[in-house]
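Reading through the structure tokens given below for one structure.
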Amino acid sequence: MRIAVLVLTSCLAVSADAAPPRPQEIAAAWRDAGGSSTVYETCANGGRPVAIYMPQGFDALRPVTLQIYFHGHGGDAGPGLLANGVITRITALGKKDPQTLFVIPQAADKPFGYWMAAPESFAQLEAESIKVAAYLLPRRPDVRKRIVDAHSGGGLALRNAAASGELRADKINLLDSAYGDWAQVVTQWAGAKGAKVESWYTDHSNVARNNLEIAALAPAVVTIHEVSIRHGEIPGVYLGTR
């Protein structure tokens, strides 16, 4: 497996209550995933790390699906994903479709109100991640499809990206992340853009009510599922659903 750690920015990161994993620790978590991975830091993500993973068999000369995942509160872009089975899920998805470029930005302290809100930038995050992936490839990836997933508190990053007008997605997967008005803002964006929204939720707080609301808000683009597994298990099962 090819692993690279890149530091491309000197901007100030958002301070955290507990220091999140460093780029080297994130890279180590991906070491046994096969394929190639890169960790870089960017002002587009508040100066924090972003993990990039390309499965074994990835061919830069063929069309690519870009898959961005916003983790939940207490998560990260490396060791936490490994511990919770998310890297296992991602590698399985990569075996099924090697033409997938996975991008996993890391947040800092919670709540995630700052994530993908100015001066952070979803558009810049996407553009820079594609550029960084090209360092490991013979040419720049040709992205033809975009999927964005958000688990739990990561839904706030998705909401901020939609509210800013920078979000780009053909398919959005809400992984028990319909808190506050997050899912409604994302669904309104999706309805205007013709993007599909699929949501999995557990019966807690106001999440069930919010899921019923978005299904009524845009029935042509929204599909919802109530599931019986634990909140933290949802990404390991449903992340990346096409």
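The values are calculated or read from the model by the stated rules, or taken from the named source; none is laboratory data. Keep in mind that this is a model prediction, so the values were computed, not measured. For neighbour counting, all protein chains shown are included, and Cβ atoms are generated from backbone atoms with ideal geometry for every residue, glycine included.
Scan segment 68-75 and tell me whether some residue there is aromatic (Phe, Trp, Tyr) and in contact (Cβ under 8 Å) with a residue 60 or more places away in the chain.
For segment 68-75, residues aromatic (Phe, Trp, Tyr) and in contact (Cβ under 8 Å) with a residue 60 or more places away in the chain: present.
Could you please find all residues in segment 56-75 being within 20 Å of Ile172 (Cα to Cα) and not hydrophobic (A, V, I, L, M, F, W, C)?
Pro63, Thr65, Gln67, Tyr69, His71, Gly72, His73, Gly75
If you check Arg209, Arg230, Arg168, which single one turns out to be touching a Phe, Trp or Tyr at 6+ places or on another chain (Cβ under 9 Å) and among the basic types (Lys, Arg)?
Only one candidate passes the filter, namely Arg168.
Within segment 82-133, work out how many residues are farther than 22 Å from Lys171 by Cβ, surrounded by fewer than 18 Cβ atoms within 10 Å (Cβ to Cβ) and either free of Cβ contacts under 8 Å to residues at least 40 places away in the same chain or charged (D, E, K, R) (or both).
Counting residues in segment 82-133 that are farther than 22 Å from Lys171 by Cβ, surrounded by fewer than 18 Cβ atoms within 10 Å (Cβ to Cβ) and either free of Cβ contacts under 8 Å to residues at least 40 places away in the same chain or charged (D, E, K, R) (or both) gives 4.
Return yes when Lys196 is under 19 Å from His225 (Cβ atoms), basic (Lys, Arg) and in contact with a strand residue (DSSP E or B) (Cβ under 7 Å, 6 or more places away or on another chain) and no when it is not.
Judged against the criteria, Lys196 is a match.
Those residues that are of a type in the set (Asp, Glu) and more than 15 Å from Val132 (Cα to Cα), I need them from segment 24-61; list them, please.
Within segment 24-61, Glu25, Asp32, Asp59 qualify.
Ser10 versus (1) more than 25 Å from Arg230 (Cα to Cα); (2) surrounded by fewer than 22 Cβ atoms within 10 Å (Cβ to Cβ); (3) at pLDDT 95 or above; (4) of a type in the set (Ser, Thr, Tyr): which is the lone unmet condition?
It fails just one condition, (3).
Among the residues that make up segment 192-207, is at least one of them within 13 Å of His151 (Cβ to Cβ) and aliphatic (A, V, I, L, M)?
Yes, the conditions are met somewhere in segment 192-207.
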